Protein chains: 2
Amino acid sequence: MAYETLTEKTAGEYARAKANIFSKNSELECKEIGDGNLNLVFRVKEKTPGGKSVIIKQSMPHARIDKSIIAPLERADIESEMLVLYNQITPNLSPKIYFYDKEEYAIIMEDLSAYIVLRKGLIRGNLYPHLAEHMGEFLARSLFFTSDLGLDPLKKKAMQKKFINPDLCKITEDLVFSNPYFDASNNKIDPEIRTRAERNWVDDELKSAVAVLKEKFMTQGQALIHGDLHTGSVFVTADSTKIFDPEFAFFGPMGFDIGAILGNVILNYLSQEWHLKNSDNKKAYQRYLLDTFRGIWMIFSHRFRELWNSSVTTPMESNPVYRENYMKRLFSDSIGYAGCKMARRIVGLAQVEDIRSIPDAEVRAKVQIAALDISREFIIQRDKYYSIEDVIGTVQNYPL
Amino acid sequence: MAYETLTEKTAGEYARAKANIFSKNSELECKEIGDGNLNLVFRVKEKTPGGKSVIIKQSMPHARIDKSIIAPLERADIESEMLVLYNQITPNLSPKIYFYDKEEYAIIMEDLSAYIVLRKGLIRGNLYPHLAEHMGEFLARSLFFTSDLGLDPLKKKAMQKKFINPDLCKITEDLVFSNPYFDASNNKIDPEIRTRAERNWVDDELKSAVAVLKEKFMTQGQALIHGDLHTGSVFVTADSTKIFDPEFAFFGPMGFDIGAILGNVILNYLSQEWHLKNSDNKKAYQRYLLDTFRGIWMIFSHRFRELWNSSVTTPMESNPVYRENYMKRLFSDSIGYAGCKMARRIVGLAQVEDIRSIPDAEVRAKVQIAALDISREFIIQRDKYYSIEDVIGTVQNYPL
């Protein structure tokens, strides 16, 4: 069957036919709920009270607003195969996949209407007491079991072949690791921070350190990483956490995933200077965010070491001296990438609601400059940090 | 056409039909000259004086001596595509390829009968005055033009997919980076050096450093490397150098190729304690070998920087601070891998004629222990060397 975009009229019966979820005679309602630019998203729901529902996500070959922007449909293969893999190795931490249609580039998956996107939850000042534990667990399992430590090296190389993802890697190479460090035409720099932003463009120490992290992103096939694990790629409720949108996945450095979530937590921390500015709760919420930041690393590294100790038996890799050397490098990478992910959200094309939604230009500039300064410290000092407390010190000691 | 092994009877007309080399009516003679275990090698020659000749190399699906040892025929794809690539990017430094037959897994290439294998030439004490220049040039061009520096990153990733080479990588992972560091059943350890060899098995500092280099070998897709660039993979005459046998090629760390040739030059240097023991020429020849060792790195790094300066214009990578950081890491990697390549030839399965041909057990043991000691220095100290002179110092100061 040739590729054809679904509509609100066709998506319901499509879901009934493909996924074994709905009863045969139930009446279905269907709504297109996507707000993205490259995908159609439908919710299909049985009309009966307590009826079941699913989400259909279908990739489009071009942008919704501009058909001249082409996006390779194959990204849907990567995304769906990643979600299937996450269903296996990180159970309950990603949406359940019911069906994947390779011809239609459509995935039928669990409806997460009860969840909100983590970024929005944090902007609202919500507490997610299990977030650090879930993210730490997700990172440890997804990274360990797709690395040479937790996967047979022959199988890993076969998977690596399948997950080569040049076009989406290029987006990251440009938007995260290049454009913020020169006068790129698609940078978005508020006039209040222009001078500070331009300082990075002549900062050879910073630029060289970013180039090293870029090189690592482009060459180090350490594990099958999500590739875009910011707070907008996580759905949450008070008790549950689901990681989604892994279309940027490829074999890259583990620290890029860990740093993505860590850096975005710090951006939210800084943005609370505005969002909770009149609240008694500000300090406590920022403390919660730093606890989450610490917890993600602590739980990740604890679980990762547990997996290592319980399952690595090969002569070279079971050596604890090597394991600790590995963990230290992983830590440095994670902090460096956290820095890179912060800076790109301040001066690059794709910014974040946490900070963009601050209407007061002066407060916004203060927060943006703090993000750039802390980002620089993370990137330059990454090898010199020996504990997550040192990193938190850099954030806490920053004069906001 | 189904795969069929060639014979002395069929190879001649096969070559005439496939490669546009021989005249239509010339009489051909053909001889099987392979001494390897996994390939058939034929020389086909016109009988007329001054007649042309070619080599046919055909891969076999199993070992010649033991049909139960299976070798994937696809290695011939990798080898021939690499040689075609070398013909393009390192002209005159590899045998010319006339034809590659994907069905027969056969390559028809330039006859290099006038050449000898570099390892044998060095054992004989021959001087190759252009060797350092040719190897430096080969390394610079082959590595630069297959890295993200000299190749479009999108194209590089497409090539990387093609050159994923799990089975042959596994051989290296085991024989170079694992087995020498524990009591592996296929190690070959002379009784005279058993105590010294066993010392490495409990040397956690050394084993951890090797594990880091192993990890880099398994994960860092820096450039399309030859993968087995010892002195047995190079043909030489007094004026000419040809690199061959790239069947281990994959996207790996550049330093692995550089270190392979450097480490094998040092093994030959040490072996001259025997081969030239009664010759006035010993010191001079060892000096020539260290000059070659130095020259390979100096010319490689000079040419690599030249290519960088003349062709890298991207904002992040054209930064000279980054370039020098890159060159320093490349240097450390190369010395570390040189160390790994030395040790595996002393205690591992595949040893080298330079040392194995020393009949005197006492001298051989002295040379072997020197190789293990220097190898350890190379591996442990690799980040602390700042110039090739420092590395040469380690070799020269070793009390032989």
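Summary table below
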{"quantity": "Some residue of segment A:325-334 being touching a Ser or Thr at 6+ places or on another chain (Cβ under 7 Å), assigned by TED's automatic domain parsing to the domain that holds A:GLY259 and closer than 20 Å to A:MET254 by Cβ", "calculated": "yes"}
{"quantity": "Residue that is open to solvent by 10 Å² or more (accessible area, probe 1.4 Å) and touching a Pro at 6+ places or on another chain (Cβ under 8 Å), where the choices are B:PHE248, B:PHE235, B:PHE217", "calculated": "B:PHE235"}
{"quantity": "Residues of segment B:19-56 classified as open to solvent by 80 Å² or more (accessible area, probe 1.4 Å) and closer than 26 Å to B:PRO72 by Cβ, total", "calculated": "1"}
{"quantity": "Residue list for segment B:270-329, filter: open to solvent by 20 Å² or more (accessible area, probe 1.4 Å) and of a type in the set (Ser, Thr, Tyr)", "calculated": "B:SER279, B:TYR288, B:SER310, B:SER311, B:THR313, B:THR314, B:SER318"}
{"quantity": "Criterion violated by B:ILE107 - all others in (1) over 17 Å from the mean Cα position of the chain (by Cα); (2) open to solvent by 50 Å² or more (accessible area, probe 1.4 Å); (3) more than 11 Å from chain A (Cβ to nearest Cβ) satisfied", "calculated": "(2)"}
{"quantity": "Meets criteria (touching an Asp or Glu at 6+ places or on another chain (Cβ under 8 Å) and either of a type outside the set (Asp, Glu) or within 12 Å of chain B (Cβ to nearest Cβ) (or both)) for A:LEU118", "calculated": "no"}
{"quantity": "Looking only at segment A:171-206, and only at residues there that are under 30 Å from A:SER80 (Cβ atoms) and part of a helix (DSSP H, G or I), the one that is nearest to the other protein chains (Cβ to nearest Cβ)", "calculated": "A:GLU173"}
{"quantity": "Given (1) hydroxyl-bearing (Ser, Thr, Tyr); (2) farther than 19 Å from B:MET342 by Cα; (3) away from chain A (no Cβ under 14 Å), number of the condition B:SER233 does not satisfy", "calculated": "(2)"}
{"quantity": "Residues being in contact (Cβ under 8 Å) with a residue 40 or more places away in the chain and farther than 19 Å from B:ASP101 by Cβ - total across segment B:1-49", "calculated": "1"}
{"quantity": "3 or more residues within 23 Å of A:VAL210 (Cα to Cα) and within 14 Å of another protein chain (Cβ to nearest Cβ): qualifying helices (runs of 4 or more DSSP H) within segment A:278-389", "calculated": "A:320-347"}
{"quantity": "One residue from B:SER147, B:SER142, B:SER113 being at pLDDT below 95 and more than 30 Å from B:ARG199 (Cα to Cα)", "calculated": "B:SER113"}
{"quantity": "Qualifying position, being among the hydrophobic types (A, V, I, L, M, F, W, C), more than 9 Å from chain B (Cβ to nearest Cβ) and under 21 Å from the mean Cα position of the chain (by Cα), among A:LEU151, A:LEU168", "calculated": "A:LEU168"}
{"quantity": "Single unsatisfied condition, A:SER311 versus (1) more than 20 Å from the chain's Cα centre (by Cα); (2) within 25 Å of A:ARG194 (Cα to Cα); (3) among the hydroxyl-bearing types (Ser, Thr, Tyr)", "calculated": "(2)"}
{"quantity": "Single residue of A:LEU229, A:LEU175, A:LEU224, A:LEU213 found to be closer than 30 Å to B:GLY252 by Cβ, assigned by TED's automatic domain parsing to the domain that holds A:GLU306 and touching a Leu at 6+ places or on another chain (Cβ under 6 Å)", "calculated": "A:LEU175"}
{"quantity": "Per-region count, segment A:220-229, residues outside any strand (DSSP E or B) and buried (at least 22 other Cβ atoms within 10 Å of the Cβ)", "calculated": "5"}
{"quantity": "Test: residue in segment A:188-200 that is crowded, with 19+ Cβ neighbours inside 10 Å, within 18 Å of the chain's Cα centre (by Cα) and under 14 Å from A:ARG345 (Cα atoms)", "calculated": "no"}
{"quantity": "Long-range neighbours under 8 Å by Cβ, at least six apart or interchain, first residue within 19 Å of A:LEU168 (Cβ to Cβ) and in the same structural domain as B:ILE225 (by TED's automatic domain parsing) within segment B:153-172, second among the β-branched types (Val, Ile, Thr) and at pLDDT 95 or above", "calculated": "B:LYS156/B:THR146; B:LYS157/A:ILE164; B:ALA158/A:ILE164; B:MET159/B:THR146; B:GLN160/A:ILE164; B:LYS161/A:ILE164"}
{"quantity": "Matching option when the condition is in the same structural domain as A:GLU273 (by TED's automatic domain parsing) and in contact with a Lys or Arg (Cβ under 9 Å, 6 or more places away or on another chain), among A:GLU306, A:GLU389", "calculated": "A:GLU389"}
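The values are calculated or read from the model by the stated rules, or taken from the named source; none is laboratory data. Since the model is a prediction, treat every value here as computed from it, not as a measurement. Every residue, glycine among them, receives a Cβ derived from its backbone with ideal geometry; neighbour counts consider all protein chains shown. When the accessible area is computed, the model is the full protein with side chains, heavy atoms only, and any ligands, DNA or RNA have been set aside. Shrake-Rupley method; radii C 1.70, N 1.55, O 1.52, S 1.80 Å.
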